[in-house]
Amino acid sequence: MSAADTPAAPILTAQGLVKRFGRVVALSGADLELYPGEVLAVIGDNGAGKSSLIKCLSGAMMPDEGVIELDGQAVHFRRPQDARAAGIETVYQTLAVAPALDIAANMFLGREKRRPGPLGSILRMIDKPGMRRSAQEAVQKLGIATIQNMNQAVETLSGGQRQAVAVARAAAFGSKVVILDEPTAALGVKESGLVLQMIRDLRENGLPVILISHNMPHVFEVADRIHVQRLGRRVAVIKPDEYSMSDAVAIMTGAATVAGGA
Amino acid sequence: MAVDVVAADDTDDQEIAADAGQEQGRGNLVSSIQSVLHRYPALSPALVLLAAYVVFTFLGDGRFARLDTTGRMLQQTAVVGVLAIGQTIIVLTAGIDLSIGVIAIFSHLFMARLAMNNGWPSILALLAGFVAATLFGTLNGALVSKVKLPPFIVTLGTLNIFVALGLIYSQAREISGDDLRGSGNGLLVWTGKTISFGSLRITTGVLMVVVLYAVFAYVLSNTAWGRHIYAVGDDADAAALAGIDVNRVKLSAYAVAGLIYGIGGWILLGRADTASTNNAGGANLDTITAVVIGGTSLFGGRGLIWGTLLGALIVTVYNTGLSLAGVNQDYRTLAIGILVIVAVAIDQWIRKARK
Ligand SMILES: Nc1ncnc2c1ncn2[C@@H]1O[C@H](COP(=O)(O)OP(=O)(O)OP(=O)(O)O)[C@@H](O)[C@H]1O
Ligand SMILES: [Mg+2]
């Protein structure tokens, strides 16, 4: 699947995003388009503004300038909750899990389910068994066999398992877009393979994915299109079957340019 | 009530087995103990309390084991016990509150004076005391969460401010329990009313403390707010990215703690049977002691409210036991100091089981 044979309307767009931190310019007019059902990879050097870009899309950061549209409607996310409510789920580079809480608690952190009836409405009791079951299902759906017990504190998990929990959380709740910031960074070969498979599964289920990664083989393996970020803006969008990995790296570092890229 | 806690307790058997397996060569037993203590954070203070009780029972001349002694110890623990609930909530958010005692003092002065000097009906005076304490707590919370000052500094500052306000307001005059009862304001010292079960004599204040522990144990482990308290203390950045409004959680934690100190002021008024700026002087550090001995981490995110109750009881039991054994006050203080350090050391050791 590619941009050419998807319906013309992108599901998520960003235009001219600017984000400054004092004198540091993290984003200097960044654009992005994400089409339905595609995996869009975002690559770029350290500090190119990849994380900043997706944080603007996920509500973790507010751009100083620029427009973000979801399904053609302008959106102004002030907090991560806003983006989540709109159906955008994000796995951050830092994972954003609470180590002392268990897997089920982390999965539902910030959107705990309540018990039905007066227990929930009056006593505000959260539905622990229900959340445990849902967490179990989400983890199983992604085929992570090594995580069994949803009552396990996240700090007792390996780096890869934690990443898997974060990805499972995003996959379970994402209804429009799933964003993954370096989801394979801490992973071994096998676990990386699992995450890449999850990404394909998400696409199969019709969910578009934004994947940030420094790992070119991973990017070329799953991406439909590759957004190249450099010095705070998009410098090119390429297709993995038209360019080589070394071309991509050259564009990323400024050694090469693409005509009409951005 | 069932204590099903969010943080760090729910590790599984598999894992304990795995842990034990790791160190097969030396001390399977030691590491299993470590794991079990980690799994049940209130277990070590419970064991310490039990051990202290047994030791003092068999060591002394029999006075310690008597029910009236137990009743007296429960009454002595009530004020620190209730205030320590607020401290626990704040410590769980990775904060600290040094203004606890003075908020309770101010609120009990406020209640008594509104009723006695301003002629407020006692129920309104009582509620006004709660409101004042909640506002003080909210002020702490606003300075911590909105102005982003460190909790230690904030509450050190407000400690002095609230002390001064209390002194200025009360003009250092006391109001006795008899005055209150004589003027039809018995409600304000109702928390000091004795209830007897044979020779076990406790007060309504003691019962209130137990109820409050049960309520907050439920709130912390069975509501979203409770979970968010743990998550914010555990890793505030992660909590924010997960969609929790960290500032609001912190603000509400300090406000709720303030309300608890207000109720603490009521219990203090009944216990001391007088409203005076001299009451509850050492409460700040005593609550921190109870929290620490009870196994709550000062770094936030880990701990159990019941542990704090046990911690508060442990301090009283040590004090009473040593006192009945003829140990003088200076040595008792020394013993409590050592106890705190041992508690923290054991806590670190248990945590190592996970690292
Ligand atoms: N919260 C912040 N405060 C100050 N500067 C920031 C902040 N976040 C990002 N920056 C700066 O903005 C620039 C872009 O950072 P960003 O994290 O978006 O890059 P990145 O492409 O994700 O890099 P990496 O590949 O290392 O993850 C960097 O120079 C960084 O130092
Ligand atoms: Mg980044």
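Only the coordinates and a few stated rules stand behind these numbers; no lab work does. If you're wondering where the values come from, they're calculated on a predicted model, not measured in any experiment. A quick note on method: Cβ atoms are made from the backbone with ideal geometry, for glycine too, and the neighbour counts reach across all protein chains shown.
Go ahead and run the numbers for FRET between residue A:231 and residue A:62, Cβ-Cβ distance against an R0 of 22 Å, rounding to 0.05.
After rounding, the FRET efficiency stands at 0.55.
Once the Cα atoms of helix B:100-116 and of chain B are each reduced to a long axis, what angle between those two axes, in degrees from 0 to 90 to the nearest 10, is obtained?
For helix B:100-116, the angle is close to 30 degrees.
Once every DSSP H run of n ≥ 4 in chain B is given -39500 (n - 2.57) and the sum is divided by its residues, what mean residue ellipticity at 222 nm do you get, rounded to the nearest 500 deg cm²/dmol?
Mean residue ellipticity, 222 nm, calculated: -23500 deg cm²/dmol.
Got the relative contact order for chain A handy, in percent, Cα pairs under 8 Å and 6 or more residues apart?
26 percent
Going 7 Å from the Cα of residue B:152 in the Cα-to-Cβ direction, what parts of region B:290-309 have a backbone nitrogen less than 17 Å from that spot?
Answer for this model: B:292, B:297-301.
Roughly what % antiparallel, to the nearest 5, for the DSSP beta bridges in chain A?
Just about 60 percent of them are antiparallel.
In peptide A:112-121, what is the residue-averaged number of other protein chain Cβ atoms found within 10 Å of each Cβ?
Mean inter-chain Cβ contacts per residue within 10 Å come to 1.
Once you've got the Cα coordinates, tell me which of A:113/B:352; A:50/A:239; A:19/A:50; A:55/A:176; A:141/A:176 are over 23 Å apart.
Listed pairs above 23 Å: A:113/B:352.
Taking every DSSP beta bridge that has both residues in the protein assembly as shown, what percent is antiparallel when rounded to the nearest 5?
65 percent
Can you sort A:257, A:90, B:223 from fewest to most other Cβ atoms within 10 Å of each residue's own Cβ?
The most exposed by this proxy come first: A:257, B:223, A:90.
Using a 10 Å cut-off on Cβ atoms, rank the peptides A:35-44, B:57-66 from the highest mean neighbour count down.
By packing density, highest mean first, the sequence is A:35-44, B:57-66.
Can you classify region B:40-350 as rounded, prolate or oblate using the Cα gyration tensor, where a ≥ b ≥ c are the square roots of its eigenvalues, rounded means a/c under 1.5, and otherwise it's prolate if a/b beats b/c and oblate if not?
Oblate.
Where does helix B:13-22 land angle-wise versus the long Cα axis of chain B, in degrees 0 to 90, nearest 10?
60 degrees
Provide the gained length on full extension for the span residue A:94 to residue A:200, in nm with one decimal, where the gain is 0.36 nm per separating residue minus the Cα-Cα distance.
In short, 35.9 nm is gained.
Taking other Cβ within 10 Å of each residue's Cβ, how do B:138, A:253, B:289 sort, fewest first?
Fewest-to-most ranking of B:138, A:253, B:289: A:253, B:138, B:289.
Give the shape of region B:30-184 as rounded, prolate or oblate, defined through the alpha-carbon gyration tensor: a ≥ b ≥ c are the square roots of its eigenvalues, a/c under 1.5 means rounded, and otherwise the shape is prolate if a/b is larger than b/c and oblate if not.
Oblate is the answer for region B:30-184, as a/c is 1.5 or above yet b/c matches or exceeds a/b.
Would you calculate the separation in nanometres between label points at residue B:328 and residue A:45, each defined as 7 Å from the Cα along the Cα-to-beta-carbon direction?
7.4 nm
With springs only between Cα atoms under 10 Å, which of B:94, B:255, B:240 fluctuates most in a Gaussian network model of chain B?
Looking only at B:94, B:255, B:240, the biggest GNM fluctuation is shown by B:240.
Taking the Cα centre of each part, how many Å lie between region A:65-86 and region B:85-140?
If we compute the Cα centre of each part, the gap is 42 Å.
Grab the other residues whose beta carbon is less than 14 angstrom from that of residue B:268, score K and R as +1, D and E as -1, and report the net.
-2
With the crude spin-label approximation of a point 7 Å out along Cα→Cβ, what separation in nm comes out for residue A:241 versus residue B:214?
6.9 nm
Working out 0.36 nm times the residue gap between residue B:273 and residue B:58, then minus their Cα-Cα distance, what length gain in nm do you get to one decimal?
74.0 nm
Can you tell me which aspartates and glutamates have their Cα less than 14 Å from the Cα of residue B:193? Leave out same-chain residues fewer than eight positions away.
Filter leaves B:178, B:273.
Taking the Cα centre of each part, how many Å lie between region B:291-347 and region B:142-185?
When both Cα centres are located, 26 Å separates them.
With a/c under 1.5 counting as rounded, go ahead and sort region A:28-77 into rounded, prolate or oblate using the C-alpha gyration tensor (a ≥ b ≥ c being the square roots of the eigenvalues; past the cut-off, prolate if a/b is larger than b/c, else oblate).
Oblate shape, in that a/c is at least 1.5 and b/c is the bigger or equal ratio.
Given R₀ = 35 Å, what would the calculated FRET efficiency be for residue A:137 paired with residue B:33, taking r from the Cβ atoms and rounding to 0.05?
Here the calculated transfer efficiency is 0.50.
Given the peptides B:333-340, A:176-183, arrange them by the average over their residues of other C-beta atoms within 10 Å, most packed first.
Packing proxy ranking, top to bottom: A:176-183, B:333-340.
Rounded to the nearest 20 debye, what is the charge dipole size of region B:40-350 about its Cα centre when +1 sits on each Lys and Arg Cβ and -1 on each Asp and Glu Cβ?
340 debye
Quick check: pseudo-label points 7 Å beyond the Cα along Cα→Cβ at residue B:338 and residue B:117, how many nm apart are they?
4.6 nm
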